[in-house]
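Below: one structure, written as structure tokens.
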Amino acid sequence: MALEYWDDYIGYLLNGAGCLTSIDINKDICDIFKYRQTKEGHPNASAVICEDFLTCELPQDHYDLVTMIGSALQETGAYRKGLQKISEVLKPNAQFMYMDSDRYHKKENLFELLPELKFELIHIGEYNRFSNVSFYCMKIKKEEGV
């Protein structure tokens with residue numbers, strides 16, 4: 001469900017200024033998302049790829065922005081590999097917006113990986129308003145010339 005709403009929102013924000021690629025392994029979600037965007041006449045519909053993000057073939061150094069929610073990385077069981085793939089597909093100076101919870105992945109573990117992945121942390125927001133629901137959002141940039 002997150003694919004549908006988040007990618008819809010980003011598509012509207014782009015307002016024709018770029019293309020959005022949405023990737024999900026669940027065929028039903030992909031089919032419903034494509035159908036709904038067509039039926040509703042979304043002005044900047046996503047190109048939908050129904051594959052495993054970790055194994056699908058994507059162009060290297062191609063994307064200006066990648067967004068990922070930590071629960072998606074948790075479901076893959078391949079945290080480091082997922083982050084490596086994101087680094088590979090981002091253009092130099094492109095951005096990675098990442099939301100996660102310490103329950104899934106402690107932010108300190110990601111801090112340790114940033115240099116290896118050629119990432120630079122730009123901003124982190126921590127949200128702990130409720131004791132049982134806390135999370136963080138990071139704005140990360142891929143280093144230039146890598």
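The values are calculated or read from the model by the stated rules, or taken from the named source; none is laboratory data. All figures in this text were calculated on a predicted structure; none of them were measured in a lab. Methodologically, a virtual Cβ is constructed for each residue, glycine included, from the backbone with ideal geometry; neighbour enumeration extends over all protein chains shown. Heavy atoms of the whole protein, side chains included, go into the accessibility calculation; ligands, DNA and RNA do not. Shrake-Rupley method; radii C 1.70, N 1.55, O 1.52, S 1.80 Å.
Taking the options I86, I122, name whichever one is surrounded by 14 or more Cβ atoms within 10 Å (Cβ to Cβ) and either farther than 30 Å from G16 by Cβ or free of Cβ contacts under 8 Å to residues at least 60 places away in the same chain (or both).
On the way: I122 fails: surrounded by 14 or more Cβ atoms within 10 Å (Cβ to Cβ).
Just one listed residue meets the conditions, I86.
Please go through the range 125-146 and give me each residue that is among the hydrophobic types (A, V, I, L, M, F, W, C), surrounded by fewer than 15 Cβ atoms within 10 Å (Cβ to Cβ) and farther than 20 Å from V89 by Cα, ordered by number. Full working, then the answer.
In the first step, residues of the range 125-146 are kept if they are among the hydrophobic types (A, V, I, L, M, F, W, C); the result is 130, 133, 135, 137-138, 140, 146.
Okay, now just the ones that are also surrounded by fewer than 15 Cβ atoms within 10 Å (Cβ to Cβ), so 130, 133, 137, 146.
Within the range 125-146, F130, V133, C137 meet the criteria.
Of all residues in the range 116-139 being aromatic (F, W, Y) and more than 17 Å from the chain's Cα centre (by Cα), which is nearest to I69 (Cα to Cα)? Explain how you work it out, then say what you get.
Initial filter on the range 116-139 (aromatic (F, W, Y)): 119, 127, 130, 135-136.
Okay, now just the ones that are also more than 17 Å from the chain's Cα centre (by Cα), so 127, 130.
Values: Y127: 15, F130: 19 Å.
Out of the qualifying residues, it is Y127.
Give the residue, chosen from Y104, Y98, that is hydroxyl-bearing (S, T, Y) and either open to solvent by less than 20 Å² (accessible area, probe 1.4 Å) or over 21 Å from L54 (Cα atoms) (or both).
Being hydroxyl-bearing (S, T, Y) and either open to solvent by less than 20 Å² (accessible area, probe 1.4 Å) or over 21 Å from L54 (Cα atoms) (or both) holds for just one of Y104, Y98, which is Y98.
Identify, please: which residue in the range 43-80 is assigned to a helix (DSSP H, G or I) and surrounded by fewer than 14 Cβ atoms within 10 Å (Cβ to Cβ) and is, among those, modelled with the highest pLDDT? Full working, then the answer.
Pass one, the range 43-80, residues assigned to a helix (DSSP H, G or I): 70-76, 79-80.
From the residues that got through so far, the ones that are surrounded by fewer than 14 Cβ atoms within 10 Å (Cβ to Cβ) too are 75, 80.
Values: E75: 77, R80: 89.
Here the residue is R80.
Quick one: which of I25, I29 is open to solvent by 70 Å² or more (accessible area, probe 1.4 Å), hydrophobic (A, V, I, L, M, F, W, C) and at pLDDT 85 or above?
Numbers: I29 fails: open to solvent by 70 Å² or more (accessible area, probe 1.4 Å).
I25 is the lone residue from the list that is open to solvent by 70 Å² or more (accessible area, probe 1.4 Å), hydrophobic (A, V, I, L, M, F, W, C) and at pLDDT 85 or above.
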